[in-house]
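A.B. asks: Mind looking over this structure? Questions follow.
The values are calculated or read from the model by the stated rules, or taken from the named source; none is laboratory data. What you see is a predicted model, and the numbers here were worked out from it, not measured in a lab. Cβ: placed from backbone, ideal geometry, glycine included. Neighbour counts: every protein chain shown. We work out accessible area using only protein heavy atoms, side chains counted, and drop any ligands, DNA or RNA first. Shrake-Rupley method; radii C 1.70, N 1.55, O 1.52, S 1.80 Å.
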Amino acid sequence: MKLVMGVCLLARLTNAASLNVTLQMIGNTAIKVMTTNNGGEDLKVLRTGTFLESTATEKVEVFQSGSRVPFDGIRLLVSTASLDEDAFQTIPVNEMIETEFDISHMHDLSAGGVFQIIANGALSYASAGSTAIAGIVPYTSNIISSHINGSQAQAARKAFLEKRTLLQSDCTGTNLTTLRTTIDNCALWATRAKEAATAGTRLVEYFKSNSSSVSGTVSEVFEKIAAECNPTSGISKTYCSDRYPNCVPGVLAYAIPSQSYIAYCDLFFTLLPAVTQDCHAQDQAGTMVHEFTHLDQIKGANDYGSYGYKAVQALPADKNINHADTYALYAQAVMLDCD
């Protein structure tokens, strides 16, 4: 990493939560998402970083000829300790909400032809009157197949990217001191986590398996993170400013894997301790581990719209192995010897 000097079980609702997510193509590359609450009570879901809001995160998966089209947008880390009501949206029982976005903005569809699109992930939810994450509700949409005009998609993508102003500011003063401390802690966490993964320690709790394949994958990821926790070398660049910009309320940091950079938001510096002594809580060291896993050269991990230990416990094994927070919380558990 180069420090840039310039620029459990799924928690349940009283009545089981159920979401019906339906996709519909609009025009060449726009998608309408219709989300219906089929559960037994109103559902208060986290909007930040999902298809329910406008940030350029991965809202759907796009495929062509059986191969996934790379996503080159933003992967956010949302604070689970400082959320406000504006970060949530309540979907009443049996009611539907609609949202729209353009898949060409963060997927290169210039080849044109037939593409398949699906939404597959989970929404975090909170209880009424609370902003504490209570659990997650998984969803899988219909698959839509559409013939896309590549030239039109490329033009829409170009227009979107040109609107983005790349803001930069120095990593100086206390922010620079904080990042250097975090780098040191990250290196220690990753080294210890690699050792634990190699020995098969705690893998079942976090990754649902201690097979040699899982052990090897997790160990390799942490080996790469340990190497990246270096202020003068590495594959990535680190910023102390909102380059994209995407430091919306509640966001601690974000990564753009396709460009191999990570930006830390003000909340990272003002809210989080360097290292927490509370198991499953967020801190600066865990945030850095989380963000590094998003880089394509390290793991290309996803968030699946899910953060925290409850999400780790609720996700299936095939998602845990590619879930950024699973790696961060695993490393923390190793360091703190969590029960």
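A.B. asks: In deg cm²/dmol and to the nearest 500, what is the mean residue ellipticity at 222 nm of the chain if only DSSP H runs of at least 4 residues count, each as -39500 (n - 2.57), divided by the residue total?
C.D. replies: Computed ellipticity for the chain at 222 nm equals -9000 deg cm²/dmol.
A.B. asks: Which aspartates and glutamates have a Cα less than 15 Å from the Cα of LYS208, not counting those fewer than 8 places away in the same chain?
C.D. replies: ASP318, ASP325
A.B. asks: Rounded to the nearest percent, how much of the accessible area of the range 72-161 (1.4 Å probe, protein heavy atoms only) is carbon and sulfur?
C.D. replies: Carbon with sulfur: 48 percent of the solvent-accessible area.
A.B. asks: So for the range 64-152, considering every pair of alpha-carbon atoms, how many percent are separated by more than 19 Å?
C.D. replies: Cα-Cα pairs of the range 64-152 separated by over 19 Å account for 56 percent.
A.B. asks: Distance from a point 7 Å along Cα→Cβ of ILE235 to each backbone N in the range 299-332: keep the residues under 12 Å and list them by number.
C.D. replies: Within reach of a label on ILE235: 299-301.
A.B. asks: Name all residues of the range 276-317 having a backbone nitrogen under 19 Å from the label point set 7 Å from the Cα of LEU161 along its Cα→Cβ direction, giving them as ranges.
C.D. replies: Counting backbone N atoms under 19 Å from the label point, the list is 295-297.
A.B. asks: Heavy-atom accessible area per residue, the chain, 1.4 Å probe: how many Å²?
C.D. replies: Here the per-residue accessible area is 41 Å².
A.B. asks: Under unit Cβ charges (Lys, Arg +1; Asp, Glu -1), what dipole magnitude, rounded to 20 debye, does the range 240-339 have relative to its Cα centre?
C.D. replies: 200
A.B. asks: Roughly what would the spin-label model give for SER82 and ILE26, points 7 Å off Cα along C-beta, in nm?
C.D. replies: 3.3
A.B. asks: Then there's this: Report the one residue of LEU23, ILE136, LEU161 whose Cα lies farthest in the direction of the positive end of the charge dipole of the chain (charges on C-beta: Lys and Arg +1, Asp and Glu -1; origin at the Cα centre).
C.D. replies: Of the options given, the answer is LEU161.
A.B. asks: Between Rg and the Kirkwood Rh of the chain, both from Cα atoms, what is the Rg to Rh ratio?
C.D. replies: Answer for the chain: 0.96.
A.B. asks: I would also like to ask the following. Can you tell me how much longer the chain between SER211 and SER110 gets when fully stretched, taken as 0.36 nm per residue apart minus their C-alpha distance, in nm with one decimal?
C.D. replies: 32.3 nm
A.B. asks: Sticking with this structure for a sec: Beyond a 23 Å Cα-Cα separation, which of these cross-linked pairs lie in this structure: LYS194/LYS299; LYS44/LYS299; LYS32/LYS237; LYS32/LYS59; LYS32/LYS310?
C.D. replies: Long pairs (Cα-Cα over 23 Å): LYS44/LYS299; LYS32/LYS237; LYS32/LYS310.
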